[in-house]
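No value in this document is a laboratory result; all are computed from the given coordinates. None of these values were measured; they are calculated from a predicted model. In this analysis, Cβ positions are derived from the backbone assuming ideal geometry, glycine residues included, and neighbour counts consider all displayed protein chains.
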Amino acid sequence: RFMNAGDTFFSNAVITSLVPQIERDSIIVYGDTVCVYSRGEKLIKPLPSDNMLKQMFFNHQSSFSEAQTLKTMLFDTSYKLCADYKYHYDVFKMGGKFQYVPLVIARYDAQNGVSSKQISLMYWEYGRVQGKADSLKWKVACLYRIFLYRLKKVVKYFVPVKFLMIKN
C-alpha cells in the first residue's frame, strides 16, 4: 500500500475493518476511495476488473498487496507515474486474485497529485505498460483522452458543486 503526500486512510478503523474480510488467496485487496477536490469530495467505486487491460480499475491508495508478491515483482522505477499500474497489470496478467472489499479505504488528494498534473505522461506510460505506446492509433487515442480530460475540468468549473460532490 502506497500513499502519496496529501492522502490518508478514510478513518482510523480502516485496517481493523478490512483485515477480517481478506481472503487467504488474494494477492491484491482493494476498496472504495473518496477523492478530495477544492470544491468538495466524491466517492469513487472501482470499475469492473476487466478494465485493468486499459487502465487502473481502482485507486492504488485504496489497495493492499500481498507482501511476498510485492517483494518478488518489484516496481519498475523507469515509470514516473505508472509504476503502480505496471505492477498491478503484471499481477493481473499472471492470474493473481484481486479481491474487492466494499469499504472506503482512502481519502485521495485528486487535485494536487502529480498524476493529475501530468495527464499526458500518465497516458503515455499506460501505453508503454500495454505495449502500444508507439502506435499511431494509441497516440491519437491519447490525444482524444487528454482533450476529454481537459474538457471535463472546464465543465466542472461551471457546474454547481451540489451536482459533482458528496457531503461529508
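Can you give me the three principal axis dimensions of the chain from its C-alpha atoms, in Å, biggest first?
Largest first, the chain extends 45, 43, 26 Å along its Cα principal axes.
Suppose every K and R has +1 on its Cβ and every D and E has -1 on its Cβ; what is the size of the dipole of the chain about the Cα centre, in Debye to the nearest 20?
Dipole of the chain, to the nearest 20 debye: 780 debye.
What is the Å³ per residue value for the convex hull set by the Cα atoms of segment 55-123?
Spelled out: Cα convex hull of segment 55-123, divided by residues, is 103 Å³.
Hydropathy first: keep DSSP H helices in the chain averaging at least 0.0 on Kyte-Doolittle, then drop any whose Cα extent along the axis falls short of 30 Å, and list what survives.
Helices meeting the span and hydropathy rule in the chain are 136-158.
Just grab the label-to-label distance for K45 and F158, each label 7 Å out from Cα along the Cβ direction, in nm (one decimal).
With each label point 7 Å from Cα toward Cβ, the separation is 3.0 nm.
Considering only G31, I146, Y100, whose Cα is most displaced toward the positive end of the charge dipole of segment 15-168, charges sitting on Cβ of Lys, Arg (+1) and Asp, Glu (-1)?
Value: I146.
As a quick test, which of the pairs K42/K86; K45/K139; K86/K139; K132/K152; K80/K152 have an alpha carbon distance above 21 angstrom in this structure?
Correct reply: K42/K86; K45/K139; K132/K152; K80/K152.
By the gyration tensor of its Cα atoms, with a ≥ b ≥ c the square roots of the eigenvalues, what is the shape of segment 39-83: rounded for a/c under 1.5, prolate for a/b over b/c, or oblate?
In terms of gyration-tensor shape, prolate.
Charges on Cβ only, +1 for Lys and Arg, -1 for Asp and Glu, centred on the Cα centroid of the chain; of V129, T77, S62, which one is farthest towards the dipole's positive end?
Among V129, T77, S62, the one farthest towards the positive end of the dipole of the chain is V129.
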